[in-house]
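Structure first, commentary second.
Taken together, the values in this text are just the output of simple stated rules run on the coordinates, not laboratory data. This structure is a prediction, so every number in the text was calculated from the model and none was measured. Positions of Cβ are generated from backbone atoms using ideal geometry, with glycine treated the same way; all protein chains shown enter the neighbour counts.
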Amino acid sequence: MICSTPAFLLRAFDFRETSKIVTFFTRDFGKVKGILKGVRKDPRKFSTTLSPLSLNHIVFYRKRNTEIHLVGQCDQIDDFGMLTPSLKTFGFASHIAELVDCLMPLEDAHAEVFELIFDFLNTLKGGTADTRPIFQIKILSLSGFKPHFDSCLACDAKIERDAFFSRSRGGLLCGRCCPTDRHAEAVLQGSIATLLYIERSEWSKALRLNMSSQIRGQLEGILTSFINFHVGRALKTSRPVHELIDLAG
Ligand SMILES: [Zn+2]
């Protein structure tokens, strides 16, 4: 079947002498892997820079019995400034690309995730604000890995006052259950309220929220632990931005 769709580039690596295998997040088919034959020998064969999170229009030949489809056409629509990004911008974009790749299953369409990437990139293009926590909260919710932040993961009781984050169990414990994990750390009410607000608000509304540095710091720690817990490892792009330059090649 011939398929045609807009697609964000998540990851590309060399394959054999002349080709590349690319993972896209497409609007109509979700995450798709494809081979761009001959692109290293003749880059003009496809009119794309293959930069991370660039938006392309792709045409691919979808076959049932393979995960890697033949991409016949890949035309870049927008690079969102990723062709010559600052280190910071590159670090943010690489993290989002890796996160989407890790959390989303193959060939399962999810238009809201596609829109979320689009919103993130448009914001990134307009400035250097770090909107990664907003993206993380939203994609966790959309991909079904939503943290249980309104109830205790041990006893399911609604969390009214004291809340503790358990890294080893990937969620919140109430005051009564917190002794079951002696490493659980107290969570500010403001962090829970912020997370729930972002989860329920549109991107533009979530952007306008003023987070205190204390809440922001706590949420960043919790979200990183939560993502590592579900992915089963630390993401390569969770490293400090200055170390990410090695991942650029
Ligand atoms: Zn409990």
Item checked: Pairs with Cβ under 9 Å, 6+ apart, first in the stretch 146-159 and assigned to a strand (DSSP E or B), second more than 7 Å from the ligand (Cβ to nearest atom) and among the β-branched types (V, I, T) -> S151/I159
Next item on the list: Sort out which residues of the stretch 65-77 are free of Cβ contacts under 8 Å to residues at least 60 places away in the same chain and either under 19 Å from the mean Cα position of the chain (by Cα) or surrounded by fewer than 14 Cβ atoms within 10 Å (Cβ to Cβ) (or both), and write them in order of number.
Entry: N65, T66, E67, D75
Note to self: Can you find a residue that is out of contact with any Asp or Glu (no Cβ under 6 Å at 6 or more places or on another chain), within 16 Å of the ligand (Cβ to nearest atom) and more than 22 Å from L142 (Cα to Cα) anywhere in the stretch 187-210?
What the structure shows: yes
Next item on the list: Under 6 Å between Cβ atoms, at least 6 apart or on separate chains: pull out the pairs that start in the stretch 1-19 with a residue that is without any contact (Cβ under 8 Å) to a residue 12 or more places away in the chain and end on any residue that is assigned to a strand (DSSP E or B).
Entry: F13/I21
Next item on the list: Determine whether I117 is away from the ligand (no atom under 15 Å from the Cβ), of a type in the set (V, I, T) and under 20 Å from R216 (Cβ atoms).
Entry: no
Next item on the list: Could you check how many residues of the stretch 150-171 are within 14 Å of the ligand (Cβ to nearest atom) and under 21 Å from A234 (Cβ atoms)?
Entry: 4
